[in-house]
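> What follows is a single structure, and I will ask about it in a moment.
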Amino acid sequence: MIARLLAGAALAALAVGSAQAQQGKISGDVVKIGVLNDRSGLYADLGGEGSAVAVRMAVEEVGGKILGKPIEVVSADHQNKPDIGSNLSREWIDRDGVDVIVDVPNSGVALAVQEVTREKKKIFLMQGPATSRLTGDACSPTGFHWAYDTRALAVGTGQAIVKEGGKSWFFLTADYAFGHQLETDTAAQVKKAGGTVVGAVRAPLNTADFSSFLLQAQSSGAQVIGLANAGGDTITSIKQASEFGLTQSGQQKLAGLLIFLSDVHALGLQVAQDLVLTTGFYWDMDDEKRAWSEKYKAKTGKMPTMVQAGSYSSVKHYLKAIEAAGTDDGPTVAAKMKEMPVNDMFAKNGKILPNGRMVHDMYLARVKKPSESKGPWDYYEIIRTIPGDEAFATLAESGCKLPG
């Protein structure tokens, strides 16, 4: 009798222990996703609320739960300030139990958030920031760079324009981490392709008047003026270059090194026509992309940028990894994410390198003329597919010190 009672007690204890272990698989009994980006400034249109919508679409597709626990999405504005981004990330993780941080355009902010997530062993899914340093000297075991980076942009647009005859370059560069790295990476590709760099000028982030910078670019005599900026700065500089008639003479050409679909929409085809750009996603490339993008447009009134589509893709992959790993523990999920190929509407047979770089095909595109566009958001002609292994650096080339 005593033996049976002891056995029963042992089974009961085992059952309680098993239940506690099951509960412990998801920290805090909820998976919290924090979308941290620019929601009011020059990058709000390319990411902003649209990235949060895309993340919620990924959550809805898994029924709002993972391993039986609910998934919550929170969002905040980092105002393009590294200290605000860093402090918000720390508060989210320490106070609110956020498990993963998503998007974070502005390379300066992203580099600061990367430090926090590395320290806290939390997943960081980067869509908006561009600097290749995030998988280079600033890489993290739990950081993932998804949609594009400065190296891929340089390989695509930089090399293509040199091959078309644009041999001499002058850079108009956003004066912070992103612009500096984009200029460095593009200059390397221009020289590799046989071109030369005759100079550069750096403009503050969110510049309202580019006239003095454009005049310096014009007086340089370079065949190509490379715009190493993004978002509102790209839109403003292209509009003002058009107003100055800078490219109408045919002696100089603008190269927008990072142009989003939202930028082309804001500029209009009359101004943006014939710009060559590199992108990781375009909504009108196949049935799967069109179907997802139409769902997104029904919620936002706009077609997605590569940042917004990439936010969906990275979160979907993250949730799959939690399911496969049986836990939301950061390092465990990170290892599982790197084991699994990425196959969704954003990327086919994408792979994740040990430094967190998601390697997938990129696309060289030309902006259509107004006469070529068949309707709203019909903006790009895809010129060439750039294989992922060509677009992105290898682990050895990246400078990341994580083991391979």
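The values are calculated or read from the model by the stated rules, or taken from the named source; none is laboratory data. From a predicted model like this one, the values you see are computed outputs, not experimental measurements. Cβ placement follows ideal geometry from the backbone for every residue including glycine, while neighbour counts extend to all protein chains displayed. Just the protein is used for accessible areas: all its heavy atoms, side chains included, with ligands, DNA and RNA removed. Shrake-Rupley method; radii C 1.70, N 1.55, O 1.52, S 1.80 Å.
> Name the single residue that is farthest from F260 (Cα to Cα) among those in the range 124-144 being outside any loop (DSSP other than H, G, I, E, B) and open to solvent by 10 Å² or more (accessible area, probe 1.4 Å).
The residue in question is R133.
> Give me the pairs: first residue in the range 114-126 and under 19 Å from D149 (Cα atoms), second residue part of a loop (DSSP other than H, G, I, E, B) and of a type in the set (A, V, I, L, M), beta-carbon distance under 9 Å, and six or more apart or on different chains, which are they?
Pairs found: Q114/V104; Q114/A138; E115/A138; F124/V104; L125/V104; M126/V104; M126/A147.
> Further question: Only one residue in T196, T142, T135 is more than 22 Å from the chain's Cα centre (by Cα), modelled with pLDDT of 95 or more and farther than 22 Å from T385 by Cα. Which one?
T196
> How about the range 167-178: which of its residues are in a strand (DSSP E or B), more than 22 Å from V109 (Cα to Cα) and not polar (S, T, N, Q)?
W169, F170, F171
> Mind counting the residues in the range 212-235 that are open to solvent by 30 Å² or more (accessible area, probe 1.4 Å) and among the small types (G, A, S)?
4
> Yes or no: the range 157-177 includes at least one residue that is crowded, with 23+ Cβ neighbours inside 10 Å, within 17 Å of the chain's Cα centre (by Cα), within 25 Å of P304 (Cα to Cα) and of a type in the set (G, A, S).
no
> Output the number of residues of the range 304-347 satisfying the condition of being open to solvent by 20 Å² or more (accessible area, probe 1.4 Å) and either modelled with pLDDT under 95 or assigned to a helix (DSSP H, G or I) (or both).
Total satisfying the criteria: 11.
> Same structure, new question: With the requirement that a residue be surrounded by fewer than 23 Cβ atoms within 10 Å (Cβ to Cβ) and in a loop (DSSP other than H, G, I, E, B), what does the range 353-368 give you?
Those that are surrounded by fewer than 23 Cβ atoms within 10 Å (Cβ to Cβ) and in a loop (DSSP other than H, G, I, E, B): L353, P354, D361, K368.
> Within the range 23-42, which residues are part of a loop (DSSP other than H, G, I, E, B) and open to solvent by 10 Å² or more (accessible area, probe 1.4 Å)?
Answer for the range 23-42, where residues must be part of a loop (DSSP other than H, G, I, E, B) and open to solvent by 10 Å² or more (accessible area, probe 1.4 Å): G24, K25, V30, R39, S40, G41, L42.
> Failed condition for S86, given (1) over 23 Å from T173 (Cα atoms); (2) of a type in the set (S, T, N, Q); (3) modelled with pLDDT under 95, with all others met?
If we test S86 against (1) over 23 Å from T173 (Cα atoms); (2) of a type in the set (S, T, N, Q); (3) modelled with pLDDT under 95, just (3) comes out false.
> Tally time: how many residues in the range 72-91 are in contact (Cβ under 8 Å) with a residue 60 or more places away in the chain and open to solvent by less than 20 Å² (accessible area, probe 1.4 Å)?
Count: 0.
> Out of the residues in the range 179-207 that are of a type in the set (S, T, Y) and assigned to a helix (DSSP H, G or I), state the one that is most open to solvent (accessible area, probe 1.4 Å).
Of everything passing the filter in the range 179-207, T184 is most open to solvent (accessible area, probe 1.4 Å).
> Could you please tell me which pairs satisfy a Cβ distance under 6 Å, a separation of 6+ or placement on different chains, a first residue in the range 296-307 that is closer than 11 Å to E49 by Cβ, and a second residue that is among the small types (G, A, S) and buried (at least 20 other Cβ atoms within 10 Å of the Cβ)?
Correct list of pairs: T300/G50.
> Consider the range 94-107. How many of its residues are assigned to a helix (DSSP H, G or I) and crowded, with 19+ Cβ neighbours inside 10 Å?
Qualifying residue count, the range 94-107: 1.
> Here's a follow-up. Anything in the range 145-166 that is in a loop (DSSP other than H, G, I, E, B) and modelled with pLDDT under 95? List them, or say none.
Across the range 145-166, the qualifying residues are E164, G165, G166.
> Which members of the range 369-382 meet the condition of being modelled with pLDDT under 95 and open to solvent by less than 40 Å² (accessible area, probe 1.4 Å)?
G375
> Also, quick follow-up: Consider only pairs whose beta carbons are under 6 Å apart and that are at least six residues apart or on different chains; among these, list those whose first residue lies in the range 252-269 and is at pLDDT 95 or above and whose second residue is among the charged types (D, E, K, R).
Correct list of pairs: S262/D45.
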